[in-house]
1. Examine the stretch B:39-53 for a residue that is over 18 Å from the mean Cα position of the chain (by Cα) and assigned to a helix (DSSP H, G or I), and state whether such a residue exists.
2. Step by step: first the residues of the stretch A:54-69, then only those that are more than 11 Å from chain B (Cβ to nearest Cβ) and assigned to a helix (DSSP H, G or I), then the one that is nearest to the chain's Cα centre (by Cα). Which residue is that?
3. If you take the residues of the stretch B:80-103 that are of a type outside the set (A, V, I, L, M, F, W, C) and closer than 16 Å to A:Asn13 by Cβ, which of them is farthest from the other protein chains (Cβ to nearest Cβ)?
4. Search the stretch B:104-137 for residues being aromatic (Phe, Trp, Tyr) and facing chain A (nearest Cβ under 7 Å), and hand back the single one that is farthest from B:Phe79 (Cα to Cα).
5. Is it true that B:Glu80 is of a type in the set (Asp, Glu) and out of contact with any helix residue (DSSP H, G or I) (no Cβ under 7 Å at 6 or more places or on another chain)?
6. For the stretch A:70-105, give me each residue that is of a type in the set (Val, Ile, Thr) and either in a strand (DSSP E or B) or not assigned by TED's automatic domain parsing to the domain that holds A:Val339 (or both).
7. Against the definition (outside the structural domain of A:Gln382 (by TED's automatic domain parsing), farther than 30 Å from A:Val339 by Cα and either of a type in the set (D, E, K, R) or at pLDDT 90 or above (or both)), how does A:Lys25 come out, yes or no?
8. Restricting attention to the stretch A:9-23, does a residue exist that is more than 8 Å from chain B (Cβ to nearest Cβ), touching a residue at least 60 places away in the same chain (Cβ under 8 Å) and surrounded by 20 or more Cβ atoms within 10 Å (Cβ to Cβ)?
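The values are calculated or read from the model by the stated rules, or taken from the named source; none is laboratory data. These numbers come from a predicted model, not from an experiment. Backbone-built Cβ (ideal geometry, glycine too); neighbour counts: all protein chains shown.
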Amino acid sequence: MQSSRDAVLENTNLVSEILLRLPVKYVLRCKCLSKEWFKTISTPEFRNSHTLRMCQNSPPSLLIHTCRHTLQFQIVYLSNTDENPSPIRTCEFDNYLFNPNLFINIMQSSNGFILFKATYCILGIRVPCYSNQHQYNFFNPITRKFSFVGFPRENFKDKIVALYFAFEPLRSPYFKFVSFRRVIDVNWRWDNLTGNQSSSPKKFNVNLFSSETSSWSEEDILFIAPPNIHVDSGVYCNGAIYWYISGGDSIYFDVGRKCFNTLPYPTFIDYNNMLVKYFGESKGNLHLILVSNDESVEFDILELKKDISGWVVRYHVDLNLIGGTFSQHGNLKYSVLCVVRQAKEEDSMLVLFVDSKILSYNLKNHTSRIVCGIDDVGQSFQYFETLSNILDF
Amino acid sequence: MAEKASPSSNSISLKTVDGKIFKVSPAIANQMLTIQPLIKDSDSSTIISLPDVAAFHLTKIIEYLEGKPAAAPSAVDAFEAQFVKDLSPEELKGLLIAVGYLKVNGLVDLMANTVAKLIENKSVEYVRKFFGVVNDFTPAEEAKCRQEHAWAFDGVDED
């Protein structure tokens, strides 16, 4: 009889089946077992299959970027697992170490990839001597592979006011970029001079890049935006970019169909004069939290209907009920970091920053847990680790 | 093996590596994808040999296929949790191999999940020993590999 140990190894399918079920951290650890395991884990096929599985079942985390002069960030693991004694780890990248003249703006976190803009300035003026003075980059912090976003012409990127990264491995192995460039017309100059900036609609040229063809679309799509829109504050979700506009219909850009549509205002409750506490995406669901004042501890989490016909109340949250921090302090400043949806509904959570702590609130059973203490959350993004290697496509 | 509605003439005989013969119904045997093609041509006198499967493993596999509730995911979860609860790491590994060899419906998933949970936060040395993997890296190569993803080696469980 064959030794059973050899049999596991001979059946590389079985090895893959097990590895596919391990979170990224443990897969990376298994790379050191032997050359054979290293090879299995390094193949594009394995990494792709693993990514597809992680898109549905990954342990959720937050990516926190606090210092604009370096690409150092912290990853905070949100799952309640005993195996993770330290819920925070720090990531640094040698090519973007601290430099007072470097400005990093993280623009998006999407299915394991981070899109950011790096600009070198001295006293607020871009430095021409740096060849990479002003660049859009995207990378996977796990594989540590960086790539510059290439543009059709040198001056193209200078007018960019917003750039979105569209990557949904469950839909397509290819990714897209959507750029918004300001169209400067005579009216805008006049309004600018007279200080009357808000009255006239802003115009943008929208262009798309697809990794499938490795090229930017030839034609510009003209976007005449309402005056109160911040074109860089949209949220990418399920093939579209959404902007929430207070007090009126919102707008979205359908990336596949290359057109703009309106999104009805949540009319079923009086949302006039409500503040946007949170607007974000999780696992293909778009969430919106509106509050009457910034310290409201009772609110609804709205979810966009799948047919984009309007909003529904998905969860009701009453932070008074969680006791501890909130009941002790009464009115307490807090911020909503994200709504995290999970494959298992009972794992879905609301993540808050309050009193120098990150708190997770289970949306199903209304319990809460302190994830970790932290001084500052700067820019925070929902994130999960993948081995994805789309840059190879 | 206990027979249900099907007459014994319809049952399939499976012979394990340790020489035990199990009679199972075609409905059960058909869920072992590896032997499916052999079932069509077999009659009551045919004995299908399973060189990689021991009696203990086949007993467990039949227990799973006969006992798995048909409906309600919560009932399936409870049944599966109970099914793997008392298995030792060695038994889990043996059953995983048997299940992988026979390609048993549903059970490959359960076993792979269970083994993944078992090795999840274990040290490289533990996982090597568990699977009988021979380390063919030079010390320098292994050090480089560990260095590359140093964070992945934080917080390892006791073996």
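1. yes
2. A:Cys55
3. B:Lys103
4. Out of the qualifying residues, it is B:Phe137.
5. no
6. Within the stretch A:70-105, A:Ile75, A:Val76, A:Ile88, A:Thr90, A:Ile104 qualify.
7. The answer is no for A:Lys25.
8. No; the residues of the stretch A:9-23 include none that is more than 8 Å from chain B (Cβ to nearest Cβ), touching a residue at least 60 places away in the same chain (Cβ under 8 Å) and surrounded by 20 or more Cβ atoms within 10 Å (Cβ to Cβ).
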